[in-house]
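Just so you know, all these numbers are worked out from the coordinates, no wet-lab data involved. Nothing here was measured: the structure is a model prediction, and the numbers come from that model. When we count neighbours, we look across all protein chains shown, and the Cβ atoms used for this are built from the backbone with ideal geometry, even at glycine.
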Amino acid sequence: MVSYIYYWQLLTMTFVGSILVILMQDDHYVINRVSDEARLKGWLAVMYVMVVVPIGMLAAKRIWLGRKKVSLFLDDYAQKKIDTFGMSGSSLKYSVWFFTALSILSCLYTFYTIRYFPFIKAFTSSSSTLDVLRISSARNFSGIVYVKNILSVKLMPLLSYVWAFYYIANKRLSDGIMFFITFLMAASILYYDFSKSPLLWYILSYIFVYYYAGVRFRFSRLLLLGGVVFLILVVMYSARGIGLFDFVSHNSGPIGRIILGQIAGTYYMFDIFPSVHDFIGFSSLTQSLSNLFGYDYVERAARIAMIDFNPRGIEEGTAGVMNSLFVAEAWANFGLIGVLISPLWVGFLIGNLYYFFLKRRKNPLWLALFVTFSYGGSFTGGFNDYIYNGGNFTLVTLVIAILLTASLFGNYRKSRALNEHHLSSPSPTRS
């Protein structure tokens, strides 16, 4: 989890691009519009994050593990067998069956409401149509939003990991079939708005599944997963009419999206806050929290940046938000104090989360939640997500619901077994 965050999200997706930006070698359509001062501020912020985030992680490590080596602790965790008997055992599995059925029905309801199945729609529609649908399906869903967002998008990927761990632990055909069904449904629901990133990262997340399960990870499996993702990218970009040169270019296609596209908003936000827009403060956390504390709710910095950059796209419904490193939203919210404090807080929070899972029982449900948090958090999302994250709160609530339902199943089974025991016991005879 920590290696993925630091070496991929920070080093690859952030640091490499920051070097191109400060050397004026990016030639990116967003960054080309920012001032030289914003380029310098963004580069300094990235350098600061690279140093301070690990300090926050080390502080969390000292609290949980003291002077123990993390590598040894992690290896010990990975080598433990998956426990399918503890924490309610079969009752937990009954609960997983129940929520799986509920989530499948919710996914089907979502597809029925939007009137298309994502993969079929992607190959039968033009790129301009998909751009409009991508925004409208996410922002203008006509059905019950909670069913789509919670019981489908949040719950189904989690359940697919649970079934994967059950299958790895027991090698039962029924578990394998359920994993296949939930994997297909999870991939489909994550692609419902035609965003490629959630789908591709979901597929790659099975690297975490293999590692945490203690399965001997062969290089061939890594090549297979990488090959599948690459093939999906080729098909998706070819369908949109993007040529080979743009596909392999450093500032367009998938490579450009990785090293520049995910952090372009960082420099743009340093350019427009506070010169064009005032600092936001806590007003963009959520509508309900803003009302609770007496703030006037405003859009998040990523949305404001996109409105400023591409107002026509916002009006036409083809533009959403502008991605940036979390420190950019911290700047947009709180200015310099946000830049100084946010990396320390984010590193400390991630470290605590990481060591919390390493201390938990290694059963399919906790493992599934560990995988979800390992790849689900994004440094190129926003700082608000590390203050209040409704998605993560919802995810934890779902896990608690699964555990409570398992407890109800367990109590019912115990009560039934006790009644059967009393009925089968001989009645006392009078002398």
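For the stretch 39-95, what ratio Rg/Rh do Cα atoms give with a Kirkwood hydrodynamic radius?
With Rh from the inverse mean 1/r over Cα pairs, Rg/Rh is 1.29.
Compute a Gaussian network model of the chain, connecting alpha carbons closer than 10 Å, and tell me which residue from 354, 210, 295 fluctuates the most.
The residue with the greatest mean-square fluctuation here is 295.
Kindly express, to the nearest 10 degrees and within the range 0 to 90, the angle between helix 36-65's C-alpha long axis and the longest C-alpha principal axis of the chain.
For 36-65 against the chain, the angle is about 20 degrees.
In the neighborhood of residue 166, defined by Cβ-to-Cβ distances under 11 Å, what is the net charge if each Lys or Arg adds +1 and each Asp or Glu adds -1? All intermediate terms of the calculation are to be shown ahead of the outcome.
On the way: positive: 93, 171, 172; negative: 175.
Net local charge, residue 166 excluded: +2.
With the chain treated as a Gaussian network of Cα nodes joined by springs under 10 Å, which of 127, 103, 188 yields the largest mean-square fluctuation?
Highest fluctuation among the options: 127.
Give me the Å³ per residue figure for the convex hull around the C-alpha atoms of the stretch 2-410.
Convex hull of Cα atoms, per residue: 155 Å³.
What nm distance separates the two modelled labels at residue 145 and residue 341, each placed 7 Å from Cα along Cα→Cβ?
The answer from the label model is 2.9 nm.
If you take the charge dipole of the chain about its Cα centre, with +1 on Lys and Arg Cβ and -1 on Asp and Glu Cβ, which of 402, 6, 231 is farthest toward its positive end?
Ranked along the dipole, the leading option is 402.
About the Cα centre, and with charges only on the beta carbon of Lys, Arg (+1) and Asp, Glu (-1), how big is the dipole of the chain? Nearest 20 debye, please. Please list the in-between numbers first.
On the way: 36 positive and 21 negative charges, 460 e Å.
Dipole about the Cα centre, nearest 20: 2220 debye.
If you find the alpha carbon centre of the stretch 336-393 and of the stretch 165-212, how far apart are they in angstrom?
Centre-to-centre (Cα) distance: 21 Å.
Take every Cα pair under 8 Å in the chain that's 6+ residues apart, average their separations, divide by the length, and report that relative contact order as a whole percent. Mind showing how you got there, number by number?
On the way: 504 pairs, mean separation 125.6, N = 431.
Rounded, it is 29 percent for the chain.
Can you find, among 73, 130, 306, the residue farthest towards the positive end of the dipole of the stretch 2-410? Put +1 on the C-beta of Lys and Arg, -1 on that of Asp and Glu.
The residue sitting most towards the positive pole is 73.
Pick out, in residue order, every one of the chymotrypsin sites (Phe, Trp or Tyr not before Pro) in the stretch 361-406 that is DSSP loop and has at most 16 other C-beta atoms within 10 Å; say none if there are none.
Details: sites: 366, 370, 373, 375, 379, 383, 386, 388, 393; in loops: 379, 388.
Of the chymotrypsin sites (Phe, Trp or Tyr not before Pro), the ones in loops of the stretch 361-406 whose Cβ has at most 16 other Cβ atoms within 10 Å are 388.
Once you've got the GNM for the chain with C-alpha springs shorter than 10 Å, pick whichever of 276, 96, 339 has the biggest mean-square fluctuation.
276
What is the extension gain from residue 297 to residue 235, computed as 0.36 nm multiplied by their sequence separation minus the C-alpha to C-alpha distance, in nm to one decimal? Don't jump to the answer; show the numbers that get you there.
Values: separation 62, 0.36 × 62 = 22.32 nm, distance 4.07 nm.
Full extension of this stretch gives 18.3 nm more.
Quick one: of 121/154; 69/359; 121/196; 61/81, which pairs are farther than 19 Å apart, Cα to Cα?
Values: 121/154 22 Å; 69/359 14 Å; 121/196 14 Å; 61/81 24 Å.
Violating the 19 Å limit, Cα to Cα: 121/154; 61/81.
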